[in-house]
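The values are calculated or read from the model by the stated rules, or taken from the named source; none is laboratory data. Values in this document were obtained by computation on a predicted structure and should not be read as measured data. Using ideal geometry, Cβ is built from the backbone for each residue, glycine included, and neighbour counts are taken over all protein chains shown. We work out accessible area using only protein heavy atoms, side chains counted, and drop any ligands, DNA or RNA first. Shrake-Rupley method; radii C 1.70, N 1.55, O 1.52, S 1.80 Å.
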Amino acid sequence: MLNFPVRIARLSVQLALFAVAASGAMAAELAIGLVSEQPAEGRSIKTDRGYMVPYTVTIPGTDVSFEMVPIPGGTFQLGSAENEPGHQPDEGPQVEVRVEPFWMARTEVTWAEYRQYMRLYQYFKRFESAQMRVVTDENRIDAITAPTELYEPSFTFEYGDAPELPAVTMTQIAAKHYSKWMSRVTGQQFRLPSEAEWEYACRAGTTTAYSFGDDPELLKEFGWFRANSDDGGQHPVAQLKPNPWGLYDMHGNVAEWVLDAYSEEGHKWLAGQKGLTALETIGKPEEAWPRIVKGGGWDSKPEDCRSAARLASIDPDWKANDPNLPLSPWWFTDDPARMVGFRLVRSLNEVPREEMEPYWRIDTEDIAGDVEYRLEEGRGVLGIVDEQLPAAMKQLDEMK
């Protein structure tokens, strides 16, 4: 029979091994962007699944990366009060909304990132020719369209196409398919934000017109807009001050797509409803336009850069000089499109694949018809997006 000290020693070893195993299991269960213990430094948010922390995403197969910032859950008033300077009727009435925790991209998607998506057009065409990764009825759910080459690059790139500049002039469906591509190649569930999520993140716990207060004179410290964009055009991301939650360029630089359809009636359809969540407030599109962009851009007036400000897309005007028939589903050709971009979000709690599809897919018959016509004419292309795509692209290059 083992003496008492030996039994104690063995028990200590067993407990240590159990602790190591438990720690390993916990680490294995934690999703990207979560840690089990609160970091000594930096921003973190406590949840029932661990601490949300900032993290970096490298686009697979490239050396291009971007940062995601944790956004805490909470409630806020969507829209602006009638007495807010610059208030517009379509920003009311204010509605209380509950927002679940999520991560948001620290900056707008840059040309360095968006060009990786633009590259897919030629790769998808080459896959078609090589009879590789063929799109079928069975796997079409895993396919996206890739944007065709720009009809007039000198328009889109008049103010530069440097890697650190925000990407602009893409349509909402292009931005949605970008988010699906990024989701499928990384294994993370990215999408565009709802208007409520975007505005909540922009406000960062404030109730003022801007995330820094009510004084538009301070806007020059936080955003690029008409008064400080002397030469016109977007500016490199993250050059000015961030909002209280570490997000850059939420006011100005380029306005940003959200998921919602636009209505001149504002939030009237939500008035009187209690316990609304951010995703329940999404205005469902019935036609290609108008859709909502938020935040204002480099040619906006200060009041159009407020947290609650909204801009409605107008496809006939924004594509007035597009010679294509049908008009491009992926690009705009006219201003204010050169100050329209987007950024990604990722929810804390992942959902089943079928619940993600509404955030990625083409959502109206008119857009679907335009895309299908382009595909039939050979001026568009579908391709499968999954975690094997980067390796398949490399294999294709090696076949040359």
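Report the relative contact order of the chain, percent, no decimals, based on alpha-carbon pairs under 8 angstrom and at least 6 residues apart.
On the way: 766 pairs, mean separation 85.6, N = 400.
Over the chain, the number comes to 21 percent.
Only helices reaching 30 angstrom along their own axis (Cα) with mean Kyte-Doolittle hydropathy no lower than 0.0 count here, and for the DSSP H runs of the chain these are 4-29.
GNM remark for the chain: springs join alpha carbons under 10 Å apart, and the peak mean-square fluctuation among Pro166, Pro70, Pro93 falls on Pro93.
How high is the relative contact order of segment 316-400, in percent, with contacts defined as C-alpha pairs under 8 Å that are six or more residues apart?
23
In terms of its Cα atoms, segment 181-286 spans 41, 39, 26 Å along the principal axes, sorted from long to short. Taking Leu270, Leu34, Leu325 in turn, the Gaussian network model of the chain (Cα-Cα springs below 10 Å) assigns the largest fluctuation to Leu325. Each part gets one Cα centre, and for segment 25-96 versus segment 176-214 those centres are 8 Å apart. Which residues does the label zone of Met399 cover in segment 371-385, counting backbone N under 14 Å from a point 7 Å along Cα→Cβ? Zone members listed by number: 384.
Assign unit charges at the C-beta atoms only (+1 for Lys and Arg, -1 for Asp and Glu), then state the dipole size of the chain relative to its Cα centre in Debye, rounded to the nearest 20.
Computed about the Cα centre, the dipole is about 1800 debye.
Per the 1.4 Å probe, what fraction of the accessible area of the chain, in percent, lies on carbon and sulfur atoms? In the chain, the share of accessible area belonging to carbon and sulfur is 51 percent.
May I ask you to give the average projected area over all directions of the convex hull of the Cα atoms of segment 343-390, in nm² rounded to one decimal? The partial results should precede the final answer.
Details: hull surface 21.1 nm².
So the Cα hull casts an average projection of 5.3 nm².
Positive end of the dipole of the chain (Cβ unit charges, origin at the Cα centre): among Val381, Phe155, Leu270, the Cα lying farthest that way belongs to Val381. Each eigenvalue of the Cα gyration tensor of the chain, multiplied by 5 and square-rooted, gives one semi-axis; in descending order these are 37, 30, 20 Å.
Taking a quarter of the surface of the convex hull around the Cα atoms of segment 68-162, what do you get in nm²? It would help to have the intermediate numbers written out before the result.
Values: hull surface 45.6 nm².
In nm², the orientation-averaged hull projection of segment 68-162 is 11.4.
Can you work out D for segment 127-255 in µm² s⁻¹ from Stokes-Einstein, where Rh is the Kirkwood radius over C-alpha pairs, the temperature is 20 °C and the viscosity is 1.002 mPa s? Mind showing how you got there, number by number?
Values: Rh = 17.6 Å.
Calculated translational D: 122 µm²/s.
Let me check I've understood the local charge: for Arg115, count other residues with C-beta under 13 angstrom from its C-beta, Lys and Arg +1, Asp and Glu -1. What total comes out? Could you put the intermediate results ahead of the total?
On the way: positive: Arg119; negative: Asp63, Glu113, Glu149, Asp161, Glu164.
Surrounding charge for Arg115 is -4.
Projected label points at Gln38 and Glu100, each 7 Å from Cα along the beta carbon direction, are separated by 2.4 nanometres. The lysines within cross-link reach of Lys400, meaning a Cα-to-Cα straight distance under 24 Å and a gap of 8 or more places when in the same chain, are Lys125.
Per residue, how big is the convex hull of segment 272-400 when only Cα atoms are used? Give it in Å³. Provide the component values of the computation, followed by the final result.
Numbers: hull volume 25.7 nm³, N = 129.
About 200 Å³ per residue, rounded to a whole number.
Please enumerate, by chain and number, the lysines with C-alpha under 23 Å from the C-alpha of Lys268, excluding those fewer than 8 residues away in the same chain. Once the sequence-local lysines are set aside, what remains near Lys268 is Lys284, Lys294. Per residue, the accessible area of segment 179-276 comes to 37 Å² when a 1.4 Å probe rolls over the protein heavy atoms. The alpha carbon centroids of segment 271-326 and segment 368-391 are separated by 26 Å.
Given a Förster radius of 35 Å and the C-beta distance between Glu286 and Ala81 as r, what FRET efficiency does 1/(1 + (r/R0)^6) yield to the nearest 0.05? That gives a FRET efficiency of 0.75.
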